[in-house]
Each structure stands twice: as C-alpha cells, then as structure tokens.
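Structure, as structure tokens:
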Amino acid sequence: MKISARLLLFIISFLFLASCKDEVEQRNIEQQKELQKREEMFIKVDKNWNFNIVTINAPSQKLVHDWTEWRNFLNEINQKPKSSIGAFQKKARALSKRALELNNNIPEKYAKPEVKSRIAVLQTKINSLDLYINLQTILDKKIIKLIPEINQEIQSLQLQFGKIDQKSQIKMEDGEQDMIRMLDTTRAIPMTKPIPTTEKTTPEEKLRYLREKRNTLIPTH
C-alpha cells in the first residue's frame, strides 16, 4: 500500500513534534530537580554559615580603625547572605578577595612572621571555601567543616595581635636598651648598667639573654 507524500510528511512532522515535546518535558524535569537540589543546598549552607566575628581584645579593636584591610575583611565576613546559594557563592568570592588584601598595609607593629603565617593559613582556608562552594557539584560537607576552622584561624590571629601588644608593653630589662644601642655601631654608647657576665660573653649573647628573660614574663595562650 502506497502512502501519499502529504501523509508521509504529516507523520514525520507529528513524530518530530512529539519528540520535541518529550525533550522539553524532560528538560523541565531536570531543571526542577536542579532547582530543588540548589534549594536543599542553600538550606544546609545557611544553617551552618555561622561567621559572627567579634574583636576579642583591645589590639584587634584598635586595628579595626587603623587597618582598612582588616576592617573590610571583618565587615565582609560578618554580612551573611540570605537569598540563595548563588548569594553564598558570591560572598565566598568576595571573602577570598578581602582575605588576599590582608597582605597589604599591615601596621608595622604587627608585620611579623607569626602574623603573616596566620594570615596565610586563613587565606588558604577561605580560598578552599570559595572553591568548594563554586564547583558544579557543591561539596557541602567540606564547606560545613571549613567554617568553624576559619573562625578558629581568625581568633588565633586576634590572639597573636594581643600577644604582640602585650609583649611591647613589658618594660625592658635593665641594660637591654643600652645593649641594643651598643650593637648599633652608628649610635654606640657605653652601657650605664652592665649585667654580670663572663669576659667571653659577646654583646649579642647578652642581648639574647635579656630578651629571653623578658619573654618569660609573657603568658602563652
């Protein structure tokens, strides 16, 4: 039995339209699944995104006013996204940028290796947070694990500020300032109150002795 060309065209068109409809329906189903998945992810992240950083000591409070990058970082991390998982993804990128800026303009008093090393650790953890939340498949378990670790690193950094500040406030031992000046050959002056040492003790050893003695007065955290 022969099929007319018109009927054949109709059948082909019908099958094509039916196929397109199935594809659209399947695509809608997949989109709904993706939206539901993102909503569930948003609920998980929102529940565990608990950054509420406070300045725990006087040095940190003063730094908020004196160090723009530190103030910007704290302001950024204390603003919690509310609308969607996409908002958390943008926040993670912004935090990564603010953490990187902490390398800039560190006040001279705190620009020490122990501070810079803690900033580096903090940056690594925040960069990991940015990575995990912006993957096509969001790693929610790793994100949830990182958040308290980041809080801990920030607290550790603030404690280091306090330790440096506390150390600077302890009065130098008798003779330490004279020893520092004597080691500076451009301003060498005689010691006004020498400490008892052997004839073989070098000025560097005397200064190290005085500093180690002073450091024992600083409580450890």
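Taking all protein chains together and rolling a 1.4 Å probe, E40 ends up with roughly 90 Å² accessible.
Starting from segment 68-113, pick out the trypsin sites (Lys or Arg not before Pro) whose DSSP state is loop and whose Cβ has at most 11 other Cβ atoms within 10 Å. Don't skip to the answer; put the middle values down first.
Details: sites: R71, K82, K90, K91, R93, K97, R98, K109; in loops: K82.
Taking segment 68-113 and a limit of 11 other Cβ atoms within 10 Å, the loop trypsin sites (Lys or Arg not before Pro) found are K82.
If you rank T137, T55, T68 by how much accessible surface each has, with a 1.4 Å probe, what is the order from largest down?
The ranking, largest first, comes out as T137, T68, T55.
Gain on full extension, evaluated as 0.36 nm per residue between H65 and R27 minus their Cα-Cα distance, stands at 8.4 nm. Taking 0.36 nm per residue of sequence separation and removing the Cα-Cα distance, the K97/T124 pair yields an extension gain of 8.5 nm.
Ligands, DNA and RNA left out, the accessible area of segment 43-93 computed with a 1.4 Å probe is 48% carbon and sulfur.
Surface exposure of segment 66-175, expressed per residue as accessible area with a 1.4 Å probe, stands at 53 Å².
The values are calculated or read from the model by the stated rules, or taken from the named source; none is laboratory data. Keep in mind that this is a model prediction, so the values were computed, not measured. Counting neighbours? That spans all protein chains shown, and the Cβs are built from the backbone with ideal geometry, glycine included. In case anyone asks, the SASA skips ligands and DNA or RNA and just uses the protein heavy atoms, side chains included. Shrake-Rupley method; radii C 1.70, N 1.55, O 1.52, S 1.80 Å.
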